[in-house]
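These notes concern the structure reproduced below.
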Amino acid sequence: MPTTTIAAAYDSRAAEYIDLFGTIDQLAEQDRDTITTWRDTTTGRLLDAGCGPGLWSQELTTDGVREVVGLDASAELIKAARERFPAIAFHQADLAAIPLEDHSVGGILAWCSIIHTPPADLPAILSEFARVLSPGGSALIGYFEGKPGEAFDHAVHTAYYWSAQALEDLLTEHGFAVERASARQDPGARRQGDLVARLIA
């Protein structure tokens, strides 16, 4: 599925998306705890890969102390992010072609940003993660847990389930070691998973 198709789907519903998920207090407190706990284990510049309207990018700055770069394929969401958080650098980009130098970030947040990526296309994104991440840096990946590669209907565009084991298998091929993985089932929501993987090669 071309990234442009997914971006266009989010462009068309950007205002609705921001109304529903545009501020930290609209999201699960456990997500914030997971992300900030991971953030505090990292050093250097951070990449918010699939940043949407920028709310997690802002959270990663630690009140402006940390340098953060936000990337998203949606022009409308990047526009909103720049308007809302002008101190952060936001760029429209495909995660399979990240416009950053090799080994230039200390951590990558990919919070539910790979869910629309067809399984066959995910290795290209993980390869880019490995390229831009400094050795010893880590990635926090959020996803929906289920049968790996199985498609499901998402409000914006077709999405895909993953499992911790299936993601670990792919990450290992790109020089990562998974340090931890967890999952939870919130009432009325799909089962959600997250994992932290460190670049060791």
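FYI, it's all coordinate maths here, none of it is from the lab. Given the structure is predicted, the values throughout are model-derived calculations rather than measurements. Methodologically, a virtual Cβ is constructed for each residue, glycine included, from the backbone with ideal geometry; neighbour enumeration extends over all protein chains shown.
What to note about this one:
- Quarter of Cα convex hull surface for the stretch 35-105, i.e. mean projection, nm²: 4.4 nm²
- Using θ = phi - 60° and Karplus 6.51 cos²θ - 1.76 cosθ + 1.60, couplings along the stretch 43-50 (whole Hz; Gly, Pro as x): 10, x, 5, 10, 10, 9, 8, x
- Amide H contacts of Gly137: Leu199, each under 5 Å away and 5 or more positions distant or on a separate chain (H built 1.01 Å from N in the peptide plane; Pro and chain starts excluded).
- Using R0 = 35 Å, the C-beta based FRET efficiency linking Ser182 and Glu101 works out to 0.65.
- By DSSP, the beta bridges lying fully in the chain are antiparallel in about 50 percent of cases.
- Think of the chain as a dipole: +1 on every Lys or Arg Cβ, -1 on every Asp or Glu Cβ, centred on the Cα centre; then among Ser163, Leu126, Gly106, Gly106 lies furthest on the positive end.
- Shape of the stretch 125-201, Cα gyration tensor, a/c cut at 1.5: prolate
- Once C-alpha pairs closer than 8 Å and six or more residues apart are averaged by separation and normalised to the residue number of the chain, the relative contact order reads 17 percent.
- Three-way shape label, the chain, alpha-carbon gyration tensor, a/c 1.5: rounded
- Gly149 sits among other residues whose Cβ lies under 15 Å from its own Cβ, and their net charge, with Lys and Arg +1 and Asp and Glu -1, is -4.
- Using only side-chain charges placed at the Cβ, +1 for Lys and Arg and -1 for Asp and Glu, the dipole size of the chain relative to its Cα centre rounds to 140 debye.
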